[in-house]
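I have placed the structure first, in the form of structure tokens, so that the comments after it can refer back to it.
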Amino acid sequence: VEIRPKISLSNYIGIHLKRQAVSVKDEAVEKALTQLQHQHGQLESHEPGRGIQTGDYVIIDFEGFAGGVALAEAKGEGFLLEVGSKTLAAPIEDALIGRKGGETFETDITLPEDHQNKEWAGKEIHFKIKIHEVKRKVLPPLEDDFAKELGSTSLDELRARLRAEIENRLTSERTAQEKEQ
């Protein structure tokens, strides 16, 4: 038989909550605007013959081998990589620096002992890499035309909209903190 517990409320009247003021700094709005700019950037091919640099985007095929055996988990075709993003192991990304589109090369890397894949941790992996294309991200200029593409009439209106969105998010976070208190 289920019996409802008796609940006795203690002194709950007069509890004071700490309410934090919500203010949006200009830096937060500019950071959000910069993030939007990067999200809407376009990848364009680099001029032929230019060596790869940190921040470039490359389309590569790669395959890893341990002890001469191909590793299915260390294979990718048409893989888009931002060089320096640490998406792949750092030695692989470092080996791309200075190379050119169309180039094929091989490199050996030793994975760290704390590598996420315990089977590969501390082992030397041989990689074959083909660079198909080198691209760079071209950011749209921060002007009224950019704001119009995003549904605002001007860059100032877009900034105001971003400020309101940030303020709403901070207000929601504050409300959640107050409920937790």
ask   = Does segment 41-59 hold any residues that are open to solvent by 30 Å² or more (accessible area, probe 1.4 Å), among the charged types (D, E, K, R) and part of a loop (DSSP other than H, G, I, E, B), and which are they?
value = Glu47, Arg50
inquiry  = Looking only at segment 1-32, count every residue that is surrounded by 11 or more Cβ atoms within 10 Å (Cβ to Cβ), out of contact with any helix residue (DSSP H, G or I) (no Cβ under 6 Å at 6 or more places or on another chain) and of a type in the set (A, V, I, L, M) and tell me the total.
reply    = 0
inquiry  = Let me spell it out: the conditions are (1) open to solvent by 40 Å² or more (accessible area, probe 1.4 Å); (2) hydroxyl-bearing (Ser, Thr, Tyr); (3) in a strand (DSSP E or B), and Thr171 meets all of them except one. Which number is the exception?
reply    = (3)
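Restricting segment 146-163 to residues that are of a type outside the set (A, V, I, L, M, F, W, C) and assigned to a loop (DSSP other than H, G, I, E, B), which is surrounded by the most Cβ atoms within 10 Å (Cβ to Cβ)?
Initially, segment 146-163 is screened for residues of a type outside the set (A, V, I, L, M, F, W, C), giving 148-149, 151-154, 156-157, 159, 161, 163.
Checking which are assigned to a loop (DSSP other than H, G, I, E, B) leaves us with 151-154.
Values: Gly151: 9, Ser152: 17, Thr153: 10, Ser154: 13.
Looking at the filtered set, the residue picked out is Ser152.
Being in a loop (DSSP other than H, G, I, E, B) and under 22 Å from Arg163 (Cα atoms) is the filter here; which residues of segment 1-40 pass it? Walk me through it before giving the result.
Going residue by residue through segment 1-40, those that are in a loop (DSSP other than H, G, I, E, B) are 1-25, 40.
Arg19, Gln20, Ala21, Val22, Ser23, Val24, Lys25, His40, listed by residue number.
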Among the residues listed as Leu81, Leu71, Leu96, the single one being in contact (Cβ under 8 Å) with a residue 24 or more places away in the chain, buried (at least 16 other Cβ atoms within 10 Å of the Cβ) and within 30 Å of Leu150 (Cβ to Cβ) = Leu81
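Considering only residues that are charged (D, E, K, R), under 30 Å from Leu158 (Cα atoms) and touching a residue at least 24 places away in the same chain (Cβ under 8 Å), which ones fall in segment 1-29?
Initially, segment 1-29 is screened for residues charged (D, E, K, R), giving 2, 4, 6, 18-19, 25-27.
Those left that are additionally under 30 Å from Leu158 (Cα atoms): 19, 25-27.
Result: Arg19, single match.
Any residue at all in segment 120-130 that is within 23 Å of the chain's Cα centre (by Cα) and open to solvent by less than 60 Å² (accessible area, probe 1.4 Å)? First the steps, then the outcome.
If we filter segment 120-130 for residues that are within 23 Å of the chain's Cα centre (by Cα), which is where we start, we get none.
Within segment 120-130, not a single residue is within 23 Å of the chain's Cα centre (by Cα) and open to solvent by less than 60 Å² (accessible area, probe 1.4 Å).
The values are calculated or read from the model by the stated rules, or taken from the named source; none is laboratory data. Remember, it's a predicted structure, so these values are computed and weren't measured experimentally. Neighbour counts run over all protein chains shown; Cβ positions are idealised from the backbone, glycine included. Areas reflect the complete protein model, heavy atoms only, side chains present, ligands, DNA and RNA absent. Shrake-Rupley method; radii C 1.70, N 1.55, O 1.52, S 1.80 Å.
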